[in-house]
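Before any comments, here is the structure.
Please treat every number below as a calculation from the coordinates, not as lab data. Model, not experiment: these values are computed from the prediction. A quick note on method: Cβ atoms are made from the backbone with ideal geometry, for glycine too, and the neighbour counts reach across all protein chains shown.
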């Protein structure tokens, strides 16, 4: 930590003329000069983040249990959860503010939306990471799926649950702050907008530091609880090969059912709430704007042009974030002493609102590809790092003991034991990172570049062009779902060889 503070101070001195970085002394002085403002705002945001964290993780637990107890509903449950998670915050934030009013509702909902999926995916992975012998023992006593879930799978999933909660901790604080950007009266997000407009650099760095400190404290607390709870060594997971399944028609039918459920819930929610069709568009309204309206061709052309601009930066940033997170996790396993330096920086990068960091990164790297790709990679990097670290630690202790008896070094253990054990966590992170990458690129486009789908959604909201706004939301959600499906397809092919238990239901 001392090295980080020293490096921060040196960087602030070296770039003093740019007025983009406030040193530790300036930040500490600002916090000491505004203790009441800091305490009140931090308390509001913490309360909203805690409520969202609790609600989102409870939802994840319920959805995971439902998917395991009734396997036929698994595709529908996870599909609906994915669609909700893929909704772009740039659009959903203002819509929630209109629907829920000026209170804390939007902040809590956005915090819950930011965390429930990041817990759900690792939890589902953990619930399936169960030795088949344990399940056979439960079945031999005539017990069903509920007993299997409570007595076997829940215990096996605990390590994955703690990993998901650690990923969710910074996300909840970030989601609450994003909700405050949409028109709240109090909170850290309100201060961020205020100081961005005033270009008060010490104040902005103070808010970023406080957000990082809170997230690091919660992250460390969850990690400590996990270490105290999980005393047993990871088991050797033996599972039968994946059974033959029906062709792609079943997956296509599940996808069609999810689409129908989304459309029904969308229409039903709008009608039951009696929302004005001027801003609360129904599925038919969006379809008419895209295909039947006189200006439908122009709308499609604008969406396709914006999508092409977004796609140029999305894939490189996504892949760079995955590679950096997985690579650094392996480095930390080989050199554990680096964790004291790396993890605080990683948690800070995830917890500082992208609305604050995006303008600074773009000023350093420019409005072109470098700045945008860097921000996308940062958003993908943290969940990948945490998930892969957890996966590497799930290498079976008995297998590692065998390698050590043959004097195999750390590198050989990593290649032959730890990396195969990491693959389920890596692919879970790859799926979680798809919406995060799209969120990052659209936020950068909204704030800085003035191009792509992010800029198009922000402009549509500012001029009350709700047809274009809702059409853009549909396009972004569909692209997120398709990219997620592509990652899941690669995952199924690889894990069928290295982790066949993940194919069991």
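Peptide packing: for 274-287, 430-443, 193-206, the average count of neighbouring Cβ atoms within 10 Å per residue gives the ranking 430-443, 193-206, 274-287, highest mean first. Legend: P(r) of segment 364-505 from all alpha carbon pair distances, 10 Å bins from 0, whole percents, reading 11, 28, 27, 18, 11, 4, 1.
For the chain, what does the helix formula give at 222 nm: sum of -39500 (n - 2.57) over DSSP H segments with n ≥ 4, over the residue count, nearest 500 deg cm²/dmol?
Computed ellipticity for the chain at 222 nm equals -26000 deg cm²/dmol.
Between residue 406 and residue 62, what's the calculated FRET efficiency when r is the beta-carbon distance and R0 is 41 Å? Round to 0.05. Step by step, r from the Cβ atoms, then E = 0.35. Computed from label points 7 Å out along Cα-Cβ, the spacing between residue 186 and residue 265 is 3.3 nm.
Here residue 278 and residue 486 are evaluated by their C-beta separation; at R0 = 30 Å the FRET efficiency comes out at 0.25.
Convex hull volume per residue, computed on the Cα atoms of the chain, equals 157 Å³. Annotation: peptides 463-469, 176-182, ranked by per-residue average of other Cβ atoms within 10 Å with the highest first, follow the order 176-182, 463-469. Modelled spin labels at residue 334 and residue 369, positioned 7 Å past Cα toward Cβ, are 2.8 nm from each other.
If R0 is 41 Å, the Cβ-Cβ spacing of residue 304 and residue 415 corresponds to a FRET efficiency of close to 0.40. With viscosity 1.306 mPa s and temperature 10 °C, the Kirkwood radius over alpha carbon pairs of segment 360-437 converts through Stokes-Einstein to a diffusion coefficient of 110 µm²/s. Using a cutoff of 8 angstrom between alpha carbon atoms and counting only pairs six or more residues apart, the relative contact order for the chain works out to 20 percent.
Given their separation in residues at 0.36 nm each and the Cα-Cα distance between them, residue 99 and residue 200 gain 33.1 nm when the chain is fully extended.
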